[in-house]
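Remarks on the structure that follows.
The values are calculated or read from the model by the stated rules, or taken from the named source; none is laboratory data. Please read all numbers here as calculations on a predicted model, not as lab measurements. Counting neighbours? That spans all protein chains shown, and the Cβs are built from the backbone with ideal geometry, glycine included. Calculation scope for accessible area: heavy atoms of the full protein, side chains included, ligands and nucleic acids excluded. Shrake-Rupley method; radii C 1.70, N 1.55, O 1.52, S 1.80 Å.
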Amino acid sequence: MSWTYPERVLAHRGGGTLAPENTMAGLLEGMRRGFRAIEYDIMLARDGVAVVMHDPYLGRTVAGSGNVFDYDALELAAMDAGSWFGRAFDGEPVPLFVEYAGFCKAHGVWMNMEIKPAPGYNIETGGAVARIAAGMFADEIAAERWDVVPLLSSFSELALEAAREVAPEVPRALLMSELPPDWERRVRAVEAVAVHVNHRHLTAEQAQAVKEAGLALFCYTVNEPARAKELFGWGVDALCTDRIDLIGPG
Ligand code: G3P
Ligand code: MG
């Protein structure tokens, strides 16, 4: 199938840097600014329940210490993921993945779900995220509504392979900081529809090669409007931004 992004600009971690990342407050800030597509990160808690979380440890965005995997999901959901950003966000919880994704679906917000396994949990995390996504969007998958079905991405090829085993019908993207010489083999190996790269390392020639291979191309994380325009000129299909105040949706 030829796969395309439903939107060109995604709010990174829900609300970019205008609200605490990977929280409902961030998502609502993105929506308030007109974003109808987001990228966010998903990790498993100790009990195998998926939460919306970037770091595998507490301390940066979530008050506390230790690893995410030291806590059950409901324990994490009772923690403060907002006060690091500002007093107005005191007590903002770590979202449960199913609740966060369900809210996005109900409000027509398209999702790039980044599978972010804690070290050593690649397969479990890839499988869990894919299983939930496939279940939540079963009707849309059956109807081939690819404009609403989420895209699963990951730096972990093991996680993407596990996602493919569990739910081959949910589209996948391989995340790479920069394209290695064997990028196409690796993308084909996980049967990804898209290549996600750090825009800082991408060249116009590489962008052209990805497009000529018939793959979708996405850049993270683009925070300058002039750079976004340049990348779109190279054939980049979509990008995510932290500066949802400078680079608008659409
Ligand atoms: O999915 C794009 C981007 O979010 C990947 O890097 O570390 O911000 O999750 P990171
Ligand atoms: Mg991410």
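What figure in square angstrom, to the nearest 10, would you give for the accessible area of THR23 with a 1.4 Å probe?
Taking all protein chains as shown, THR23 has close to 0 Å².
May I ask you to derive the FRET efficiency for PHE155 and ASP90 from their Cβ-Cβ distance with R0 = 35 Å, giving the value to the nearest 0.05?
0.65
Would you mind getting the accessible area per residue of the range 60-108, heavy atoms of the protein chains only, 1.4 Å probe, in Å²?
50 Å²
Of ALA78, ILE123, ALA25, whose Cα points farthest to the positive end of the dipole of the chain (charges on the beta-carbon: +1 Lys, Arg; -1 Asp, Glu; origin at the Cα centre)?
Toward the positive end, the furthest listed residue is ALA25.
Can you work out the accessible area per residue across the range 138-222, with the rest of the protein chains kept in place, probe 1.4 Å, in square angstrom?
Accessible area per residue, the range 138-222: 44 Å².
With all protein chains present, calculate the accessible area of LYS211 using a 1.4 Å probe and round the result to the nearest 10 Å².
For LYS211, the solvent-accessible surface is approximately 70 Å².
With θ taken as phi - 60° and the coefficients 6.51, -1.76 and 1.60, list the Karplus ³J(HN,Hα) couplings across the range 51-67 in order, rounded to whole Hz; mark glycine and proline as x.
With the stated coefficients, the range 51-67 comes to 10, 8, 6, 9, 7, x, 9, 7, x, 8, 9, 10, 5, x, 9, x, 9 Hz.
Please list 3J(HN,Hα) in residue order for the range 79-84, calculated via the Karplus relation 6.51 cos²θ - 1.76 cosθ + 1.60 where θ = phi - 60°; whole Hz, with x for glycine and proline.
Karplus values, whole Hz, x for Gly and Pro: 8, 9, 9, x, 5, 4.
Quote the charge dipole size of the range 103-250 about the Cα centre in Debye, to the nearest 20; the model charges only the Cβ of Lys and Arg (+1) and of Asp and Glu (-1).
160 debye
State the Cα centre-to-centre distance between the range 230-248 and the range 26-80 in whole Å.
25 Å
VAL98 to ALA213: extension gain in nm, 0.36 nm per residue of separation minus the Cα-Cα distance?
38.0 nm
Please work out how much length the chain gains when fully extended from LYS229 to GLU165, using 0.36 nm per residue of separation minus the C-alpha to C-alpha distance, in nm with one decimal.
The LYS229-GLU165 span can extend by a further 19.3 nm.
If I stretch the segment between ALA106 and ARG33 completely, what's the gain in nm (0.36 nm per residue apart, minus their alpha carbon distance), one decimal?
Once the chain is fully extended between ALA106 and ARG33, it gains 24.5 nm.
Rolling a 1.4 Å sphere over the protein heavy atoms, what is the accessible area per residue of the range 1-54, to the nearest Å²?
34 Å²
Report, to the nearest whole %, how much of the accessible area of the chain belongs to carbon and sulfur atoms, 1.4 Å probe, protein only.
51 percent
Out of all DSSP beta bridges in the chain, what portion is antiparallel? Express it as a percent rounded to 5.
15 percent
Suppose each label sits 7 Å from its Cα in the direction of the beta carbon; what would the ALA78-ARG188 distance come out to in nanometres?
Each label point lies 7 Å from its Cα, and together they span 5.2 nm.
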